[in-house]
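The values are calculated or read from the model by the stated rules, or taken from the named source; none is laboratory data. All of these numbers come straight from a predicted model, not from anything done at the bench. Cβ: placed from backbone, ideal geometry, glycine included. Neighbour counts: every protein chain shown.
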Amino acid sequence: MVRHMPNHSEHLTEVFSALADPTRRAVLARLSEGPCPTTTLLRPFKMALPSFAQHLDVLERSGLVRSRKAGRVRTYELAPQRLEAAEHWLSTRRREWQTRLNQLDSYLDTLKKERS
């Protein structure tokens, strides 16, 4: 289970930091369609390869993507485990807040009935 992952908090910080950038989110969206070489990933962006490579490095360090090199071509693919861990963290927070809001709603209904 995700709660027992070592350095779980550190991994989440890296994932959310990587997701904070729109270029990196766009790269992840493209990789959700399947593996892709660096030059194809770069095509829709107006930036130099070294700058774009920094985005890919952040994604790889965060564990959101992995790469392999065949000859001169480096291909990236989505590594969904860390994204799933972030999704689990968010869904847990969502459930907690839904419970709290439901309790507040019940309390406010009780107050309303008492005043009527």
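Can you work out which of the residues in region 13-35 that are in contact with an Asp or Glu (Cβ under 8 Å, 6 or more places away or on another chain) and surrounded by 13 or more Cβ atoms within 10 Å (Cβ to Cβ) is nearest to H88 (Cα to Cα)?
L31
Given the condition more than 23 Å from S9 (Cα to Cα), loosely packed, with under 12 Cβ neighbours inside 10 Å, among the acidic types (D, E) and at pLDDT below 95, answer yes or no: does some residue in region 88-104 qualify?
So far as region 88-104 goes, no, none of its residues is more than 23 Å from S9 (Cα to Cα), loosely packed, with under 12 Cβ neighbours inside 10 Å, among the acidic types (D, E) and at pLDDT below 95.
Within region 73-80, identify whether any single residue is more than 27 Å from F16 (Cβ to Cβ) and loosely packed, with under 12 Cβ neighbours inside 10 Å, and answer yes or no.
yes
Going through region 1-31 one residue at a time, which ones are hydroxyl-bearing (S, T, Y) and at pLDDT 95 or above?
T23
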